[in-house]
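Below: one structure, written as structure tokens.
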Amino acid sequence: MQRWLKVLFFLLIVKPVIVLVIGLNVFQRERLPRRGPHVLVANHNSHLDTLVLMSLFSWRDLHRVRPVAAADYFLANRWLAWFSTHVLDIIPIRRDGGGSRRDVMADCRAALAAGDIVVLFPEGSRGRPESMQPLKKGVFHLLKESPQIPLTPVMLRGLGRALPKGEALLVPRNCDVAVGEPMRVGRDSTEFMATLETAFEILAEQCRASAWLDDWQ
């Protein structure tokens, strides 16, 4: 039942809104994983980010996509908690620093062990539109004991202006999604984070080129 709630929500509500209101250019869509275990990492400017990322998957694969989300926000009340856990099927994570790092990542590890695709935002929280915050090392610590599990970086452009942080009104806007090449964490956290930052920079440049073409045309 939960699987079909998720599928119906995205087919009947999310995808029509994206097609009719937002408009989305997706580059290298074929790089998205079809199955797990896999980690998807993206920049974070809007609550639309999670919905757009999940909408890129077919209804057959959608039940395997598990976004990591802040427990203090998405479990804040009974209705939102039910929607977040039964429809979005989030992996709630505490941001208050409680528990050890292993405890914080336990549910993510369990999802990967079950063959799921885990969606992470390494900035940690939503930032200003078209501006990335420093990346945190949580994704490295999640995968350092399972270096065979790949991760794929994804750059989102325009969603922070379509639905900015703190706003409830959706603004029609053309947005871009650029999917990077799969990579692995390696042994050195500093080297890995530098590689991930470079990957995001390359994808951001691709999105900027798309925006320039839209303006020129």
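The values are calculated or read from the model by the stated rules, or taken from the named source; none is laboratory data. All values reported here derive from a predicted model rather than from experimental measurement. For neighbour counting, all protein chains shown are included, and Cβ atoms are generated from backbone atoms with ideal geometry for every residue, glycine included.
Could you check VAL119 against (1) touching a residue at least 60 places away in the same chain (Cβ under 8 Å); (2) in contact with a helix residue (DSSP H, G or I) (Cβ under 7 Å, 6 or more places away or on another chain); (3) within 20 Å of PRO147 (Cβ to Cβ); (4) part of a helix (DSSP H, G or I) and say which number it fails?
Unmet condition: (4).
Taking the residues in region 1-55 that are polar (S, T, N, Q) and part of a helix (DSSP H, G or I) as candidates, determine which candidate is farthest from VAL154 (Cα to Cα).
Across region 1-55, the extreme among qualifying residues is GLN2.
Results for (1) under 23 Å from PRO33 (Cβ atoms); (2) part of a loop (DSSP other than H, G, I, E, B); (3) at pLDDT below 95; (4) not polar (S, T, N, Q), shown as yes or no for each residue.
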residue	(1), (2), (3), (4)
ALA178	yes, no, no, yes
GLU181	yes, yes, no, yes
GLY186	yes, yes, yes, yes
THR195	yes, no, no, no
ALA199	yes, no, no, yes
GLN206	yes, no, yes, no
ALA211	no, no, yes, yes
ASP215	no, no, yes, yes
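Tell me, yes or no, whether region 57-72 has at least one residue that is over 22 Å from LEU8 (Cβ atoms), modelled with pLDDT of 90 or more and either under 18 Å from the mean Cα position of the chain (by Cα) or not in a helix (DSSP H, G or I) (or both).
yes
Any idea how many residues of region 182-204 are more than 12 Å from LYS137 (Cα to Cα) and within 19 Å of the chain's Cα centre (by Cα)?
Number satisfying all stated conditions: 11.
Looking at (1) over 20 Å from CYS207 (Cα atoms); (2) surrounded by 14 or more Cβ atoms within 10 Å (Cβ to Cβ); (3) in contact (Cβ under 8 Å) with a residue 60 or more places away in the chain, find the lone condition where GLY23 falls short.
Here GLY23 meets the rest and fails (1).
Looking only at region 126-156, which residues are at pLDDT 80 or above and more than 20 Å from ALA69 (Cα to Cα)?
The answer is LYS144, GLU145, SER146, PRO147, GLN148, ILE149, PRO150.
Looking at region 52-72, I want the residues that are free of Cβ contacts under 8 Å to residues at least 12 places away in the same chain and have a partner that is surrounded by fewer than 19 Cβ atoms within 10 Å (Cβ to Cβ) and assigned to a helix (DSSP H, G or I) with Cβ atoms under 9 Å, at least 6 apart or on another chain. Which pairs are those?
Close Cβ pairs (under 9 Å, with a partner that is surrounded by fewer than 19 Cβ atoms within 10 Å (Cβ to Cβ) and assigned to a helix (DSSP H, G or I)) amount to ARG60/VAL7.
Can you name the residue in region 23-44 that is farther than 13 Å from LEU112 by Cα and touching a Cys at 6+ places or on another chain (Cβ under 9 Å) and is also modelled with the lowest pLDDT among such residues?
Out of the qualifying residues, it is GLY23.
Residues being in a strand (DSSP E or B) and at pLDDT below 90: count how many of those fall in region 158-176.
1
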